[in-house]
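Every number here is computed from the coordinates shown, using simple stated rules; none is lab data. What you see is a predicted model; the values in this text were computed from it and never measured. Every residue, glycine as well, gets a Cβ built from its backbone with ideal geometry; the counts of neighbours run over all protein chains shown.
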C-alpha cells in the first residue's frame, strides 16, 4: 500500500515555499481563513491534474455561499473576496505529492506546475508529472537568480524530470489530465488489478463533498451505488449462472476431496512400498554380508587345505623316497641272500617240506575214508580221529602218526574199552 508522505508547495496561496509532512493520522487546525481548506484543495488539484471540471474546491463550505476559490486565485495568493487582496502579481506554482510504499519503501512523486498572472484571467497548466522510484525534494523546485530564491523555470524543471527518468524508461510528463490521472493510479495501485478512472474520480469527489446530514442508507444509495435500473431478466440469468457455478464448485470440491483421499492412499502405498523396498534391501545386504563371511571362511579353509595338501604332498614325496630307498635296500638284501650258498640249500629243503605236506594230506584223506568204512562195519561205534599232523607236514613230535578212537556217548562202545594205537611213521594201517 502507498500512503501520502509529504505535500511540497511553491507559491501556492499564502505559502512561498512549504514542505508539509503527513503521517498516518494528520489533523489540520487553525482559525477560519487560515488556510485549512487550501491544503485539501492543493491535494485535489495535484491528484486531479488541475482539471477544474473535476475539482470541487472548498467543498466543505456552505452550498449557498458562493466561493471565490480557483487555481488562479490560489496561485496569486488571493486571501480576500476580490483579486485586489493578493500576495503576488504573477506566480509559477508547484504542487508535488510524495507517496511511499509501506512494504518496499519505494517513493513515488506526482504533481502539477501552474502559471498565473494578474493580466490573464485564467491560469495555465505548464505540465503534469509522475516519477516512480524517485522523491522530489523542495530544493528541486527552487533556484537562485540574482541572489534571490524563486521557483525553478518549467523548462529547466521538465528537463530535470526527463533526465532522472531515463533509468526507468518512463515518460514522466503528461499533457492531459485524464492520462495523468490514469498513470497516477497505475503508480499507486496495489495487487488488485487495474484501477478504474471513472470510479476513482467519482469516489474522490464524493469523499471531498461527503456530509453526514443524511442517513447512511441515503448516502449509499445516492452517492455510492451506481444509478442504474435493474434488468430483471439479466439479473435472473446472472442468478441462475451463479447457482450453476455453485453446483459446479460443489462438484469440483467433492472431486478434489476424492482426489485428495486417493492421493493419500497412493502416498500410503508409496510409503509402504518404500518401506518394503528398504527391508528387502536390508535383507539383501545382510544376505550379501553373510555370503561374504561364508566366502571368506571358504577361502580361508581352502588356503588351509592347500597348505595341508602342500605339506602332505611333501610328506608323500618324502615317504615315496624312503619307500624307494627301502625297496632298493630289500632288493639288495635279496640279491645278497640268493647269492649265499646256505640260502640255496634252504630253498631246496623248503621245496621238499612242501611236497611232503601235500603227500601227508592225501594219506590223511585216504585214512579218513577207511576208518569211516570200518566204523560203519563195526556197527556205529564212536568216531575215530586220525591225525598225522606234526611240526612238519602233519607229523607228531618224533615223526609219528597218532590215531584216536573215542567211545560212543555214555562211555561205552560194544563193551570194549578205549584203545589207543600209536605207531611210528610208516606203521599206519594199509588197506
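Apply the a/c threshold of 1.5 to the C-alpha gyration tensor of region 1-55 and tell me whether it is rounded, prolate or oblate.
Because its axes are fairly even, with a/c under 1.5, region 1-55 counts as rounded.
Below 8 Å, C-alpha to C-alpha, sequence gap of six or more: please give me the relative contact order for region 83-220 in percent.
Once divided by the residue count of region 83-220, the mean separation gives 17 percent.
Ranked from highest to lowest mean number of other Cβ atoms within 10 Å per residue, what is the order of the peptides 11-19, 43-51?
43-51, 11-19
Rounded, prolate or oblate: which fits region 42-175 when a ≥ b ≥ c are the square roots of the eigenvalues of the alpha-carbon gyration tensor, with rounded for a/c under 1.5 and prolate only if a/b beats b/c?
Since a/c reaches 1.5 but b/c is at least a/b, the shape of region 42-175 is classed as oblate.
Go ahead and run the numbers for FRET between residue 199 and residue 262, Cβ-Cβ distance against an R0 of 35 Å, rounding to 0.05.
Once the sixth-power term is evaluated, E becomes 0.15.
Round to the nearest 0.05 the FRET efficiency obtained for residue 289 and residue 320 when R0 = 51 Å and r is the Cβ-Cβ distance.
Efficiency at R0 = 51 Å is approximately 0.65.
Let me have the relative contact order for region 1-158, percent, based on Cα pairs under 8 Å that are six or more residues apart.
RCO, region 1-158: 24 percent.
When the chain is fully extended, how far beyond the present Cα-Cα distance does residue 373 get from residue 34, taking 0.36 nm per residue of separation?
Full-extension gain reported as 103.8 nm.
Among 255-263, 122-130, 165-173, what's the highest-first ranking by average C-beta atoms within 10 angstrom per residue?
Top to bottom by mean Cβ count within 10 Å: 122-130, 165-173, 255-263.
Just want the ordering: 201, 10, from fewest to most Cβ atoms lying within 10 Å of their own Cβ.
Lowest to highest Cβ neighbour count: 201, 10.
Cβ neighbours within 10 Å, averaged per peptide: list 98-104, 238-244, 181-187 in order, most packed at the top.
Packing proxy ranking, top to bottom: 181-187, 98-104, 238-244.
Determine the shape class of region 119-194: with a ≥ b ≥ c the square roots of the Cα gyration tensor eigenvalues, call it rounded for a/c under 1.5, and otherwise prolate if a/b is greater than b/c, oblate otherwise.
oblate
Taking the Cβ of each residue in 206, 235 as the centre, tally the other Cβ atoms inside 10 Å and list the residues starting with the fewest.
Fewest-to-most ranking of 206, 235: 235, 206.
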